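Here's the structure, in structure tokens; my notes come after.
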Amino acid sequence: MAAIESSTDVRSQLSELVATLPDSELHAALRYLRFLEEEADPLLRRLREAPYDDEPFTPEEEEEARLARDEIDAGLGIPMEQLKAELLGDA
């Protein structure tokens, strides 16, 4: 039976492997690792799997969206980690 490798060993092997890749393959490797990273994020996965909302915005919704963008521009937004915790029920 094969021994279970520690995550440190696996990270080291990944680093060595990436260092040997030809330049022409680096972007593909990065895209794949980013894909794996996104798959591990439950919030991104839920957003990606949510049904598409094709209903047009009402004037009230347009105004609410504008106000929200203004708040974000003013630095009044909710930090991503807090948002994740609230949406995923970890709060």
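Taking the condition of being at pLDDT below 90 and more than 30 Å from GLN82 (Cβ to Cβ), how many residues in region 1-53 meet it?
Selection size over region 1-53: 5.
Within region 60-73, is even one residue surrounded by 10 or more Cβ atoms within 10 Å (Cβ to Cβ) and touching a helix residue (DSSP H, G or I) at 6+ places or on another chain (Cβ under 8 Å)?
Looking through region 60-73, none of the residues is surrounded by 10 or more Cβ atoms within 10 Å (Cβ to Cβ) and touching a helix residue (DSSP H, G or I) at 6+ places or on another chain (Cβ under 8 Å).
Answer yes or no as to whether ALA50 is more than 18 Å from the chain's Cα centre (by Cα) and either of a type outside the set (Phe, Trp, Tyr) or at negative phi (or both).
Values: more than 18 Å from the chain's Cα centre (by Cα): no; either of a type outside the set (Phe, Trp, Tyr) or at negative phi (or both): yes.
So ALA50 does not fit the description; no.
The values are calculated or read from the model by the stated rules, or taken from the named source; none is laboratory data. Given the structure is predicted, the values throughout are model-derived calculations rather than measurements. Cβ: placed from backbone, ideal geometry, glycine included. Neighbour counts: every protein chain shown.
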